[in-house]
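To start, the structure itself, in structure tokens.
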Amino acid sequence: MGSGRASTGQPFPADFLIAIRALINVHHSIYPRVPPQGIYFEALVEEAFKRIKKPFTRIEGTTRNQPRHDLLVEGTRISLKTETGIGTHPELIAITKLCTTEREPWAPAVLIERVLEHLGRYDVILMLRAVWGPPLIHYQLLEIPVETLRLIRTADVRPVGRRRGRGSLGADVCGGETKLFHVHFDGSDGKCQIRDLRVHDCIMLQAWDLEIRG
């Protein structure tokens with residue numbers, strides 16, 4: 001399975017990684033076959049930071065469903081993502097909702113600008129992935145470089161698919177001759193999705209196996 005780039009240690013130090021792994025294990029003691037997702041993962045990350053930081057350290061969650069960072073820790077704006085379904089690929093990352101760009105006009109230049117505006121609202125993306133291989137779940141906790149996603153600005157976005165009405169748009173995003181990921185603007189719900197981002201191009205913070213029980 002993909003190992004990812006080496007961890008830089010910041011803003012996710014070793015004691016944070018120990019704490020979040022322990023809390024995920026506690027989660028599984030209650031929900032044996034359900035990885036933490038969405039607001040549950042957000043709560044675990046916030047709790048992990050609270051356990052390792054000094055009293056009065058600034059740790060703030062944000063209002064649910066707002067188009068901004070999920071957690072603010074000592075001035076660092078963190079976006080939290082999960083990919084935990086049965087079909088999670090061990091080496092290719094999918095972000096089903098990077099952001100929503102459903103306002104008109106539905107035009108490539110406008111959509112790209114909205115994504116770049118959204119990416120400017122946080123400093124780092126932390127993602128938890130669950131790769132299923134019963135009787136084990138292989139967990140990957142990784143940092144997705146925001147600067148890599150900013151390369152969307154270079155994409156030649158064009159119509160894809162045959163949907164009636166407002167059509168979907170998409171493009172491969174490359175670094176030199178190498179495809180880094182695919183960006184997809186879904187015409188049905190206005191979401192910007194990221195597909196086929198390689199684990200190898202992200203920063204692997206830690207990976208471990210957990211036995212599925214129950």
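The values are calculated or read from the model by the stated rules, or taken from the named source; none is laboratory data. Bear in mind that the values here come from a model prediction, so they are computed numbers and not experimental data. Cβ atoms come from the backbone with ideal geometry, glycine included; neighbour counts cover every protein chain shown.
Okay, here's what the table says:
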read-out	value
Failed item in (1) under 28 Å from ILE24 (Cβ atoms); (2) assigned to a strand (DSSP E or B); (3) out of contact with any His (no Cβ under 8 Å at 6 or more places or on another chain), with LEU180 passing the rest	(1)
Residue selected from segment 14-45 under the condition of a type in the set (S, T, N, Q) and over 27 Å from LEU98 (Cβ atoms), by the criterion surrounded by the most Cβ atoms within 10 Å (Cβ to Cβ)	ASN25
Unique match (being aliphatic (A, V, I, L, M), more than 18 Å from the chain's Cα centre (by Cα) and crowded, with 19+ Cβ neighbours inside 10 Å) among LEU169, LEU142, LEU149, LEU210	LEU169
Residues of segment 72-126 satisfying the condition of being among the aromatic types (Phe, Trp, Tyr) and within 16 Å of the chain's Cα centre (by Cα)	TYR122
Residue in segment 187-201 that is out of contact with any His (no Cβ under 8 Å at 6 or more places or on another chain), buried (at least 19 other Cβ atoms within 10 Å of the Cβ), part of a strand (DSSP E or B) and not polar (S, T, N, Q) present	yes
Conditions (1) within 15 Å of the chain's Cα centre (by Cα); (2) more than 18 Å from VAL115 (Cβ to Cβ); (3) not aliphatic (A, V, I, L, M): number failed by ASP196	(2)
Evaluation of ILE95 against (1) buried (at least 21 other Cβ atoms within 10 Å of the Cβ); (2) more than 22 Å from LYS191 (Cβ to Cβ) (one fails), failing number	(2)
Unique residue being at pLDDT 95 or above and either in contact with a Gly (Cβ under 6 Å, 6 or more places away or on another chain) or of a type outside the set (A, V, I, L, M) (or both) when the list is ARG198, ARG213	ARG198
Test: residue in segment 120-137 that is basic (Lys, Arg) and either modelled with pLDDT of 95 or more or in contact with a His (Cβ under 9 Å, 6 or more places away or on another chain) (or both)	yes
Test: residue in segment 124-131 that is touching a strand residue (DSSP E or B) at 6+ places or on another chain (Cβ under 9 Å), farther than 23 Å from TYR40 by Cβ and hydrophobic (A, V, I, L, M, F, W, C)	no
Residue within segment 125-145 that is farther than 30 Å from SER29 by Cβ and acidic (Asp, Glu) present	no
Hey, ARG166 touching a Phe, Trp or Tyr at 6+ places or on another chain (Cβ under 8 Å), outside any loop (DSSP other than H, G, I, E, B) and in contact (Cβ under 8 Å) with a residue 60 or more places away in the chain or not	no
